[in-house]
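One structure is given here, and the rest of the page talks about it.
The values are calculated or read from the model by the stated rules, or taken from the named source; none is laboratory data. Note that the structure is a prediction, hence the values are computed from the model and not measured. Note that each Cβ is placed from the backbone with ideal geometry, even for glycine, and that neighbours are counted across all protein chains shown. Side chains are part of the model used for accessible areas, which takes the heavy atoms of the whole protein and leaves out ligands, DNA and RNA. Shrake-Rupley method; radii C 1.70, N 1.55, O 1.52, S 1.80 Å.
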Amino acid sequence: MFSLQTVDNDLALKIYTKARATPKVIAAFAERREFDKILIYSKQVGYTPDYLFLLQTILRSDPQGAVNFALMMSQMEGGCPVDFNTITDLFLQRNLIREATAFLLDVLKPNLPEHGFLQSKVLEINLVTFPNVADAILANGMFSHYDRPRIGQLCEKAGLYIRALQHYTELPDIKRVIVNTHAIEPQALVEFFGTLSREWALECMKDLLLVNLRGNLQIIVQACKEYSEQLGVESCIKLFEQFKSYEGLYFFLGSYLSSSEDPEIHFKYIEAAAKTGQIKEVERVTRESNFYDAEKTKNFLMEAKLPDARPLINVCDRFGFVPDLTHYLYRNNMLRYIEGYVQKVNPGNAPLVVGQLLDDECPEDFIKGLILSVRSLLPVEPLVEECEKRNRLRLLTQFLEHLVSEGSQDVHVHNALGKIIIDSGNNPEHFLTTNPYYDSRVVGKYCEKRDPTLAVVAYRRGQCDDELINVTNKNSLFKLQARYVVERMDADLWEKVLSPDNEYRRQLIDQVVSTALPESKSPEQVSAAVKAFMTADLPHELIELLEKIVLQNSAFSGNFNLQNLLILTAIKADPSRVMDYINRLDNFDGPAIGEVAVEAQLYEEAFAIFKKFNLNVQAVNVLLDNIRSIERAVEFAFRVEEEAVWSQVAKAQLREGLVSDAIESFIRADDATQFLEVIKAAEDANVYHDLVRYLLMVRQKTKEPKVDGELIYAYAKIDRLGDIEEFILMPNVANLQNVGDRLYDEALYEAAKIIFAFISNWAKLAVTLVKLKQFQGAVDAARKANSAKTWKEVCFACVDAEEFRLAQICGLNIIVQVDDMEEVSEYYQNRGHFNEIISLMESGLGLERAHMGIFTELGVLYARYRYEKLMEHIKLFSTRLNIPKLIRACNEQQHWKELTYLYIQYDEFDNAATTVMNHSPEAWEHMQFKDIVVKVANVELYYKAVHFYLQEHPDLINDLLNVLALRVDHTRVVDITRKAGHLRLVKPYMVAVQSNNVSAVNEALNGIYIEEEDYDRLRESIELHDNFDQIGLAQKIEKHELLEMRRVAAYIYKKAGRWKQSIALSKKDNLYKDCMETCSQSGDRELSEELLVYFIEQGKKECFAACLFVCYDLIRPDVALELAWMNNMIDFAFPYVLQLVREYTSKVDELIKDRIEAQNEVKAKEEEEKDMVAQQNMYAQLLPLALPAPPMPGMGGPGMPGGFVPPPPPPMGGMGMPPMPPFGMPPMGSY
C-alpha cells in the first residue's frame, strides 16, 4: 500500500477511505494540503485526530498551510482542540514570526479579556523583531487587554516613542520619553498632550522648554493653541512668561486674540508684539481691538518709546488721551507726528492739541501754522473754548477773519469774532444789529458783564426772553423790558413777567400802563396785553386800563371785545359798576354777558340786560330761578303774552306745588310737553277734575298711551264709570292691561272689572271678582283663564270664605301640578281645614293626571291627622310614594312601625335597624329584625343589636348570633357578653364559631369547660384550637382537684415546650408514661437521662426498661449501661443492648462498603493519568529546537560589563524535550 501511495495518490486515498483506515486518510489529506477535508471527514466518521501532531507535520513542509489549518481549527464547533498558546509556540520554535503573527491577529479579533496574555505576546515578538508591524497593530487599536506597562517599555526600546507615551501611566516615564522630540512627529505629540491632565501637560511642557526652548517652542505653542480650554489660558501665559519667551507668547495669543475679550490677554499680546519688534502688529491691534486696557497700554507704549508713534496715537485718539499724547510728542520733539495727527488722523481733536500746546508754552507761530494748515476741517467751537479758557482768544483773529472772508456762516465763527469785536470796542452795536449769523444767547451772555445795553440788543435780536428779562431786572432797565414785552405779544412771556413770584412786577406794570401801551398803535398788542392782565388775574389794573381806552373816546372806544371785557372784568372785580356800564354801553354781547351776570349772582343786572335785548324767556327765567318771584313772573307774562314765557311760568308753578295754577298756565301756553310732570303733580295733589281738563287738551296735540291711560284712571278716581265705558269704546291708544292692573292695585275693582272684561283678561277678571266676593263668577273666569296662578288665587279666596265646594273645584285643577300642590296643602292646614284637604287629596287620587306627589302628600296628611289609615295607604301605594319625604313625616309624628316599613322599602336597613332598637315596643318583630340586621352596612349595628338582644330578648340571642356569625368580630361579641354577664348564654354560638380559632372564643369556652369540669371537651378544644394563653390556662388548672384536669395542664406544658414543668407535673401524679413520652418529644438528652435516674431512685425497674425503649435515640449507651450495671438492672437493660449492637453493626458495614468504593475510584483515576502522560511524551519527542531569545532588559549580553550570562532554563523533566528559549514570556507548561 505504501508503494501504491507513492505511485498514485488519488487511488491510495480511495483505498484508505474504502478500508476505513482513518489515520491514513487524514495523513493523505494533509499531504495533499486539503486541510478543510480533514475536518469534514473527521466529523463524518466521528473520529478525533491528533490535531497537534497534524499541525507539526504540516508545519515542516508548508508553514502557510499550517497557518490556514490552525485557523480552521480555531473556527471548529466547540472551540479549538489545541490551545492557542501551544499553536503559537509551535510557530515560534521554528522562528516563523510572521506566521505566528498572522495566526494570532486572526484569532484575537474578538478582543476578549481572557486573551490578554496572547495579545501581549504578539506585540512583544513584533516589537523585538518587526517594530513596524507592532506599530501598525497598535495603530489599528484592535487590542485592549494586553500588559500595557510592559509593551510601553518595549516601544521605548524600539524607538516608538509616541506609542510608549500612549502606554505609560506614570509622569516620570512620560517626562523621560517626551523629550525625544527629534524622533516624534510634532502633530502626534500635540495630540498626545490632549490626553494628559492639565497638571501633567504643563509639567511636560516645562521639561520640553528646559531641554530645548527654541527647538520645542513651536510644538508647545501649537499644543497650547489646540488645548487652551483644558490647560487654561492663564496657565499657558504663565508658562511662557516663566521662560520669558515673548515670541511664544506672541504666537500663542495671536491665535486666541480674535475670540477673547479679556483686556489682560490683549495687553499681553501688545506687550509681546512690541518686545519682539512686531510694530505693525502693535499698530493693528491698538487700532482694531476694543478690549485692551487703554490706560495700561498707553503707559506701556510711552515707557517703551517705540520709534514709531502710531500705536500710541491709536490708543490716545481712541480713548481720549489726546492731551497726554500731545504732551508726550511735544516733549520728545516729535512735532512731525503732531502735525500728522491733526492733519490726517483726527482734525476734530485739534482744539485739544492746541490747548495742550498752549499749556506747554509752545511758540504761537507753530500753533497758528498748525491751525491754518487744517482750516475748515477744524471744529471752531471747541477751539474757541480752549483759547477762551486760557485768555488767548486774540490768537484766532487771523483764522476767524480768513473763514469769514471765505463766506463761512458758522455760528461759532461769528460768535468768536463778535466776542473779539466787543472786547476791542470796535463799534459793537453795528455788529450786533447787522450780523445775522451769531448766536444771540452766547454773545449776549458775553456782553452782560461788559455792557448790559449791548446784551439787551443781542437778546432782542434773538428773542431770548428769559435772558433779556434777567438782565433788565438785574440792571433796572424796566422801560426797555416793558417795550420788549408789549412788542413780543407772547402769552408765555406775559405770564412770566406778571407772575406773583416776580418781585419786579409792579415796576413793569407801571411802565406798561404809562409808556408801552400808550405808545402802541397796534390792536394786536393791546389785545395781547389785556389778555395777559386777565390771565394774571389783575382785574383792578385791567379796569383802570380799559376805562382809559374805552370810555375816553380813544381809537378803541367802540370796540366790541373791549366793551365785553370791561363789563366782565367789572362783574368779577367791582360789581357796583356793572349797572352803570350796562346803561352807558350798547355794543356788547348781551346774551353772553347776561349769563355771566347770572353766574356772578347779579340777578337784577342780568334781568336788565335780557330785558334791554328783548330776551323775554331768559328774563323770566331770572325772575323765576334766581330772584324767585312767581308774582313778578306772572305779571311779566301778562305784559309780554308769549306762550314760551307762560310755559316757563307754568313749570315754576308746578315746581312750587301750585298745581291748579300750573295747569291753567299750561293751558294758556298750549304746552303739552310736560304732561308727565303735570300728571304726577295732579295725582299727588288729588286734583283729578283739573287733570281731566288738561289731559283732554293734551289728547288734541299728541297720541300717547300714557295720556289715555291717565285719563281713564282720572275718570275712575272721580267715579265716572260711564265715561270709562264710553272712552274705551272710542279709538284710543291706552294700554288697557296696565290701566286695569293699576286700578286693581288701587282697589278700584269696579273700574278694573270693566277693563278686564273688555280685554278678556280672565285671570285678572277672576281675582277682581274674588275681591268683589263674586266667587261663582270668579270660578267661571278662572276656568276660562286655565292658569295655575289664577286657580290658586280663587281657591285660596274660596277657602278663606269657607266656600269649600268651589275651593275643591279649584284645588283639583291645582294639585295635578307638583310645584303648586304643597302650597295648597299648607294653605288648608295653616287654617285648620284638615278634613277638607284630606278629602281634596283623596279625590285627586282618581284623577287621570294623578302623580307621586298626591299620594305622598296624602300619606303625610294621614301621618299627621289620620294615622290609623297610614299603614294601609303605605302598603297599597308603596311604589307611588316619595318615600324619603314620608319617612320624614313619620319620624316627626313618631309612627315607628310605619317608619321601619318605609326604611325597608327604601333599602335603608341601617336606619330601619336603629329605629327598631330605639323603639322596640312598637317596631320590633324578631323575624323582620333578623332580615334587616344582615343587610345593614354599618358593622357597629351588629354589636348594637347584640346589646339590644342581651337586654331585651336574651332567649333569642343565639338565633341572632348564628345569623351574624359570618359578619361579626367574635372577640368583640365575647367581650360584650362577658361584660353583660351572659357568657354561658352564648355557648352554642361560641361552639359553632370555634373552628375559626379565635383567641377570645377559645379562652371563653375553655373557661366554661373548666367550670363544668368537662375535661374531655377541654382536651379536645386544646388539641384542635391552639390560639389562647396556653401557659396561663396550664397554671390555672395544674392544681385542680381532678387528676384529668392536671393531666391536661401537663399536656399544655408539653405542647408549649415547657418540658420540665410537664414532666414534673406528671411525676407528681405518677403518670410515668406521660413523662417518658414528654422526654422523647423534647429531644433533650439531659432530661431523658434525669428521668432514668429518677426511675432508678424510685425503684421503677419496668419504667427504667420502658424509658430506654421510648427514649432510645436520646440516651447515651455508656450512661445507660453504667446506670444499669451500678444499680443491678442489666437484665432490664439487655433489650436496649441488643438493639444498640445491631444498629452499630449495620453502620460499620456501610462504612466498609464506602471505603472500598473510594479506593477503586482512586485507582481508576491514576491509571487514566498514566495513559495521558505516556501519550504526551510521544508528541514531545517530535518538537524541534527553538531559536535563542534576545536579551531581556536589565540583563547584559556577552559584551556587557560584568559578563553576566543568564543561565538556560532547566529542561522539562521526564519528557526528553530540548530546553525552551524565553521570548519574554513564561515557558510553556507540561502537557
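List of remarks:
- Under the combined filter of DSSP loop state and at most 13 neighbouring Cβ atoms within 10 Å, the stretch 751-821 retains these trypsin sites (Lys or Arg not before Pro): K773.
- Taking the Cα centre of the chain as reference, the dipole from Cβ charges on Lys and Arg (+1) and Asp and Glu (-1) amounts to some 3120 debye.
- Residues in the stretch 1066-1080 reached by a label modelled at Q1139 [backbone nitrogen below 15 Å; 7 Å Cα→Cβ]: 1076-1080
- Listed pairs K651/K706; K389/K419; K244/K305; K305/K389 exceeding 24 Å between Cα atoms: K305/K389
- Where the chain is the region considered: accessible area per residue in Å², 1.4 Å probe: 52 Å²
- Packing-based ranking, highest mean first, of 683-696, 435-448 given that Cβ atoms within 10 Å are counted: 435-448, 683-696
- Nearest-0.05 FRET efficiency for F1109 and R1155, computed from C-beta distance (R0 35 Å): 0.60
- C-alpha center-to-center spacing [the stretch 401-441, the stretch 1064-1117] in angstrom: 147 Å
- Additional length obtainable on full extension of the chain from K368 to S843, 0.36 nm per residue less Cα span: 157.8 nm
- When the charge dipole of the chain is built from unit charges on Cβ atoms (+1 for Lys and Arg, -1 for Asp and Glu) and taken about the Cα centre, the candidate among V678, V122, S245 whose Cα reaches farthest toward its positive end is V122.
- One decimal place: the segment F243-D723 gains 159.7 nm when fully extended, by the rule 0.36 nm per residue minus the C-alpha distance.
- Distance between the modelled labels on K344 and N938, one decimal in nanometres: 11.0 nm (7 Å Cα→Cβ projection).
- Backbone N atoms of the stretch 732-761 closer than 18 Å to the 7 Å Cα→Cβ label point of D780 belong to residues 750, 753-761.
- FRET E, pair T17, F53, Förster distance 22 Å, beta-carbon r, rounded to 0.05: 0.60
- Per-residue [θ]222 nm for the chain (sum of -39500 (n - 2.57) over DSSP H runs n ≥ 4, rounded to 500): -21000 deg cm²/dmol
- Cross-link partners for K771 among the aspartates and glutamates, with Cα-Cα distance under 16 Å and sequence neighbours closer than 8 places in the same chain left out: D741, D745, E746, E750, D780, E793, D800, E802, E803.
- On the stretch 59-150, 50 percent of the accessible area sits on carbon and sulfur atoms, based on a 1.4 Å probe.
- Sequence-separation-based contact order of the stretch 824-889, relative, with Cα cut under 8 Å and 6+ spacing, percent: 29 percent
- Extension gain from K389 to N918, taking 0.36 nm per residue of separation minus the Cα-Cα distance: 179.0 nm
- Protection proxy ranking for 509-515, 378-384, using the average of other Cβ atoms within 10 Å per residue and placing the highest first: 378-384, 509-515.
- Global geometry of the stretch 723-810, whether rounded, prolate or oblate, following the gyration tensor of its Cα atoms and the 1.5 cut on a/c: prolate
- Environment charge at H327 (Cβ cut-off 13 Å; Lys +1, Arg +1, Asp -1, Glu -1): -2
- Shape analysis of the chain places it in the oblate category; the axes a ≥ b ≥ c from the Cα gyration tensor give an a/c of at least 1.5, with a/b not above b/c.
- Efficiency of FRET between N427 and R639 - r from beta-carbon atoms, R0 51 angstrom, step 0.05: 0.05
- The stretch 135-211: GluC sites (Glu not before Pro) in DSSP coil with no more than 12 other Cβ atoms inside 10 Å: E170
- Accessible surface of the stretch 321-362 [probe 1.4 Å, protein heavy atoms]: carbon and sulfur percent: 43 percent
- Apportionment of accessible area to carbon and sulfur, the stretch 1071-1159, percent (1.4 Å): 55 percent
- From the alpha carbon centroid of the stretch 109-169 to that of the stretch 320-339 is 68 Å.
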